[in-house]
Structures are given as C-alpha cells and as structure tokens.
Amino acid sequence: MTPSAQSAGNAPSPIAALALKLVGGITILAALVDFLVLLLPPDLLNRAWQITTATQLVDRGIVPLVGIALLFTGFWIESYVSGKRGSGNLMLDARLWTCVLACILGLIFAVLTPIHMNNVRLQSKDALAQVSTEATEATNQLEQRLNQEVTQQRDRIGSLLNNPEQIEQLVASGNVTAEQAAQIRQFEDSPESLDEFLTGQASELRTRLETEIGSRREEATKRVRAEATKASVRISLSSILLAIGYIVIGFSGLRRLFAI
C-alpha cells in the first residue's frame, strides 16, 4: 500500500466532519430558540421574572457552547481532510457568524452577572423586610390577645367572687381545682392581688410567645439569606464562566479568521 493510500485511509472521514457541523449547528439553533421562548412574554419590570429568566438562561447556557465546540471541530476535520484553511468569501463563512454569536452571548452573560446579583440582593432585602413586618404584626396581635385574655379573666374571676356558690359548682364539676378555688377566694380579701396575678400570668405568657416569635424570625432571616447567597453565588459564577468561555472562543476565532 502506498504512503498516500495509507494517509488517505488514516485521514478523518468527511462524514464525521459533516455530522459534527450538522449536530453543532442544530444544537446552537435549538438553544437559541429555547432562549427566545424563555424571554417571551417579556416582563422586564418584574424582578421575579428577571431572576427566574436569568437562572434558566444560565442553566441552559452551556448548550450553545457545546454546539459551537462541535461545529468548530467539524470545520477543523474538514480543513484537515481537504487541506484548505478557509473559504473564499469570509462573509459567507459560518465560522465568522458563529464567532460573532459567541461574542454576543459572552457579553450577555457578562452583563447578566451584576444584574442578577443586584436583583437577588434586592429580593433578599424585600424578603427580610417582609419577615420583620410579619414578626411585628405577630407581636402586636399577641399584645392585643393578651389584653383581651386579661380582661376576660378579670371579668370571669370578678363574676365568681360575686357568686361563691358558682365556685363550688365549678369545683364539683371538675372545671376548677380546689387550689384554684382557694386562690380565687383569696382575691376576695385582697382585690389588688388579682391585678398582680393576672399581670404576672400575662407577662410570663408574653415572654414565652415573644421568644417563639423571635426564634421564628431568626430562622426565617437565616433561611432567606442562605437562599439568596446560594442563588447569587451559583448563578453569578456560572454566568462569569460562560461569559469567559464564549468571549475567549469568539475573539480567538475572529482573530484567526481575519488572520487567514
């Protein structure tokens, strides 16, 4: 077998080049269609839409990059087989527009990074404000409920003091214990101790419930901050890496194409 025949036998197949270019082109076009669908309908003033869209774009951002890699691999195999370094008309060369697309995508992901980080920061700020508002509302509702309960307890005990027979009936029915009945009778001799007793009970209950509200507020604050940090770091880093990859490929490709 002659060396030329051996070289031809060992050369990459033109079919492989065609397949790689075809798959790469389809991958890029399908990804661009997917990006377009994600952007429709646009709601640019909605921060939640911006965050969701940016997250989905970054999560799908690797797909066109893979398509570009496949496309250029196909072109490289084709040039290796044919021995030609480029086509005659550069404006009709698919590699040129692929590099331009890579540069555009790189710039988009580069701009997307600070925008997404700022949106996540503002969303986290709003969520923390909402947590604080809910905690304040819960505290106010607690205060109102305690005041109502104190008033109801005072009226109930006052009614029992005016009707001693009812106290005995409640003890007999098991609704009031003997110790509670004895304590109620003590209030008859010392009315001022009733207010002290009710105020003390309300204070203990207030302290316990305020502690629970504070704990829930702290947990909610930690959860909001942790989720914001995860969303910001993951998407921002991924977007930066995608931007670097696209820009490096795009500008390197343009420099080589114009150098040919």
Net charge over other residues, Cβ less than 13 angstrom from the Cβ of SER239 (K, R count +1; D, E count -1): +1
Whole-Å distance, taken between Cα centres, linking the range 235-250 and the range 36-66: 15
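Cβ under 11 Å from PRO14's Cβ, PRO14 left aside: what net charge do those residues give with Lys, Arg +1 and Asp, Glu -1? Each step should come with its number before you reach the end.
Working: positive: LYS21; negative: GLU78.
Around PRO14, the surrounding residues sum to 0.
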Gain on full stretching of the segment that runs from GLU196 to THR133 - 0.36 nm per residue minus C-alpha separation: 19.5 nm
13 Å reach of a label modelled at VAL100, 7 Å along Cα-to-Cβ, counting backbone N of the range 216-260: 254
Separation in nanometres of the label points that stand 7 Å from Cα toward Cβ, at ILE115 and ASP93: 3.2
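Please list 34-44, 224-234 highest first by mean number of surrounding beta-carbon atoms within 10 Å per residue. Numbers along the way, then the final one.
Details: 34-44: 11.3, 224-234: 14.7.
Sorting 34-44, 224-234 by mean packing, highest first, produces 224-234, 34-44.
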Linear extension gain, TRP76 paired with LEU209, 0.36 nm per residue minus alpha-carbon span: 40.8 nm
Net charge contributed by nearby residues that have their C-beta within less than 12 Å of THR133 (K/R +1, D/E -1): -2
In nm, spacing of pseudo-spin labels at VAL37 and LEU22 (7 Å Cα→C-beta vector): 2.3
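Give me the number: length gained by fully extending GLN153 to ALA69, i.e. 0.36 nm times residue separation minus the C-alpha to C-alpha distance, one decimal in nm. Could the numbers behind the result be given before it?
Values: separation 84, 0.36 × 84 = 30.24 nm, distance 7.74 nm.
That works out to 22.5 nm of additional length.
We did not get these values from a lab; they are worked out from the coordinates using the rules stated. Quick caveat: nothing in here was measured; it's all calculated off a predicted structure. Glycine also receives a Cβ, built like all others from the backbone with ideal geometry; neighbour counts cover every protein chain displayed.
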